[in-house]
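Just below is one structure, and these are the notes that go with it.
The values are calculated or read from the model by the stated rules, or taken from the named source; none is laboratory data. Keep in mind the model is a prediction, meaning the values are calculated, not measured. Ideal geometry is used to build each Cβ from the backbone, glycine not excepted, and the neighbour counts take in all protein chains shown. Areas reflect the complete protein model, heavy atoms only, side chains present, ligands, DNA and RNA absent. Shrake-Rupley method; radii C 1.70, N 1.55, O 1.52, S 1.80 Å.
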Amino acid sequence: MFRFFENLVDPYTPYAETDAPPRRLWAFLWDYGQPFKRVFAITAIMSVAVAIVELGLIWYMGRVVDLMSNGDPATVLATHGWELIAAAIFILTLRPLIQGLDVALLNNSILPQFGALIRWRAHRQVLRQSVGWFENDFAGRIANRIMQTPTSAGDAIFQIFDAITFSLAYLLGAAILLTDADPRLAIPLVAWFALYGLLLRWTINRVGPASKASADARSRTTGRVVDSYTNIHSVKLFAHHDREIEYAKEAIEETRQTFAREMRLFTIMDVALTALNGFLIVAVVGWAIWLWSVGAASVGAVAAATALTLRLNAMTGWIMWAVSTLFRSLGVVAEGMETITDPLRLTDAPAAKALRMDKGEITFDTVSHHYGRGAGGLDQLSLTIRPGEKLGLIGRSGAGKSTIVKLLLRFYDVETGRILIDGQDIRTVTQDSLRREIGMVQQDSSLLHRSVRDNILYGRPDATEDQVIAAAKHAEAHDFILDLEDPQGRRGYEAHVGERGVKLSGGQRQRVTLARVILKDAPILVLDEATSALDSEVEAAIQSTLYGVMQGKTVIAIAHRLSTIAQMDRIVVLEHGHIVEQGTHAELLALGGLYAGFWARQSGGFIGTDTEAAE
């Protein structure tokens, strides 16, 4: 039975992705709720049906009181016995069935599936963002928003059907029921409802913004805490435990204060609601008793009015809580939407096609890119890398080397100029097809927190086990992989490497990364300090492997250690975003310029060790 309700909506149903999702709250929920339209409609009907049944029970209890008041037991049972039996059967069978359908639709059809749908689509949307977009935010805050938004959206939908729809139907039915008993009984109910509406409006206007502020503060706290955990090596290395505690405490205190302000609203609401409910009980029940005293109302009418009023007294706190929870949840959703609905700014062209790799020629045509700052990066750079050419890039930190790579991979779009691969502007081809043709080994060789096998297979998911092992052997990684064991007892290629590969040494991570790129076997190869984390013996072994891998590929190699690129076909020297020298190793030494100076000072060492963060 549960599977029937759980399968009414597929949260992973295909949908049309958009580069600019709806940024208004209700438009966002409406867009994501499209697969649930039919289920939502049925749930609303069932919620109204539950309210009608509950009101019917109160009305019928009043009728039972009147029947008992107007005859002796034998006569009442003889005349209305079958009616009472039918009512009992309804209460024991149909009422649980109606209630069961209502809660099954809410708990089994909507809540798990709606949350999964939002989480799935939000994750897909965020993964489509550019690398630059991720570099401008905390990973922890992004993840927090992706995780808390679906839960809050599900809570909002639950309250709409479980409380709002039910309570509106119940209040309308209560007014009809009291009017049927005596029209004058509806007067205090209407007055109470008007005051209750004002209190709701006051609460709603304040709870939504207060909840959004709390959600913002929680996300900032999560971002700071995750930042400390992610960089735990730096925290311990510099003995900044207390500094990180204070850094987190600022955000935690802000979260506490915003949450405290939010809770003040609920305290005011509860006190005001208690006073309002006191007015409701005294007004309706007192008036019903007065009407009975003058013979204008029956005992059953008084009993029904009393039961209805007490039920409303119990319900109003729940309704107020439900409504405030609804808008509190919507505040959290609004906060999450700041991330989820942020328009994609680096997108495929409308008619983008897959990149066609013919020869592997790369052309930078008067390319400028300054990261929006007007300085740094590249300035009017023109460079052609011939098919199969091995090009070395050197220069001081900030010269523009990493910018060339980021633009080639289209992590950013050029500000002016264009980049061509085999004559195709990379902005006119799909990003996925572009990056499939480029293999890259970075200086920061971080890995996924998965098994060694999964990390190597990331280069080519359809590769065989023999191909994975062959790639690992080429990268001088196979032997140490066989000796790995993680805390869960997984060994060898099944061992998990920890977040960003922290359970491996820098050299081991670099070799697994090399194995991944070797397995990918892309026609364009980018090496950004590919052997920087290796010791001399392993580097020497891998250098020969790399030269073998380079054969037939167009290669761009960045290195501070000049000995690693001395054998390149051509070496390009960058300075302040410009090409200042280029040629073979011998030609550049003979030129006696920057390269020759670097080589003379280096003696096999490094040009500089600063990370090119500014690039």
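For segment 1-88, which chymotrypsin sites (Phe, Trp or Tyr not before Pro) pass both filters: DSSP loop (anything but H, G, I, E, B) and at most 15 other C-beta atoms within 10 Å?
Tyr12, Tyr15
I'd like to verify something in the chain: which complete DSSP H helices, judged by Cα projection on the helix axis, reach 18 Å or more and average at least 1.0 on the Kyte-Doolittle scale?
TM-like helix candidates: 37-69, 73-89, 166-181, 299-340.
Computing the accessible area with a 1.4 Å probe over protein heavy atoms, can you report the carbon and sulfur percentage for the chain?
Ligands and nucleic acids excluded, carbon and sulfur reach 59 percent.
Mean separation of Cα pairs under 8 Å and 6+ residues apart, divided by the residue count of the chain: what relative contact order is that in percent?
14
Highest first, please rank the peptides 328-341, 473-486 by the mean number of other Cβ atoms sitting within 10 Å of their residues.
328-341, 473-486
Let's test the formula: R0 of 51 Å, r as the Cβ-Cβ distance of Ala16 and Asp486. What FRET efficiency results, to the nearest 0.05?
E between Ala16 and Asp486, to the nearest 0.05, is 0.80.
Between Arg264 and Leu195, how high is the FRET efficiency from 1/(1 + (r/R0)^6) when r is the Cβ-Cβ distance and R₀ = 30 Å? Nearest 0.05.
Result of the calculation: an efficiency of 0.90.
Here are some pairs, Lys390/Lys520; Lys353/Lys553; Lys401/Lys503; Lys406/Lys553; Lys359/Lys520; which of them have Cα atoms lying more than 26 Å apart in this structure?
Long pairs (Cα-Cα over 26 Å): Lys401/Lys503.
How many angstrom separate the Cα center of segment 381-453 from the Cα center of segment 13-89?
Their Cα centres are 61 Å away from one another.
For segment 9-113, what does the relative contact order come out to in percent, with C-alpha contacts under 8 Å and a separation of six or more?
Relative contact order, segment 9-113: 48 percent.
Going by average Cβ density within 10 Å per residue, which order do the peptides 217-227, 515-525 take, highest to lowest?
Final packing ranking: 515-525, 217-227.
Taking Cα centroids, how far is segment 170-208 from segment 476-501 in Å?
After rounding, the separation between the Cα centres reads 66 Å.
Mind giving me the FRET efficiency for Gln34 and Ser293? R0 is 45 Å, r the Cβ-Cβ distance, nearest 0.05 is fine.
With R0 = 45 Å, the Cβ-Cβ based efficiency is 0.20.
Among Ile481, Ala260, Val285, which residue has its Cα furthest toward the positive end of the charge dipole of the chain, with +1 on Lys/Arg Cβ and -1 on Asp/Glu Cβ?
Positive-most Cα among the choices belongs to Val285.
Please state the shape class of segment 55-102: rounded when a/c is under 1.5, otherwise prolate if a/b exceeds b/c and oblate if not, all from the C-alpha gyration tensor.
Since a/c reaches 1.5 but b/c is at least a/b, the shape of segment 55-102 is classed as oblate.
So what is the accessible area of the chain per residue, in Å², with the probe set to 1.4 Å?
48
Fully extended, how many nm does the chain gain between Glu494 and Ser397 (0.36 nm per residue separation, minus their Cα-Cα distance)?
Stretched out fully, the Glu494 to Ser397 stretch lengthens by 31.1 nm.
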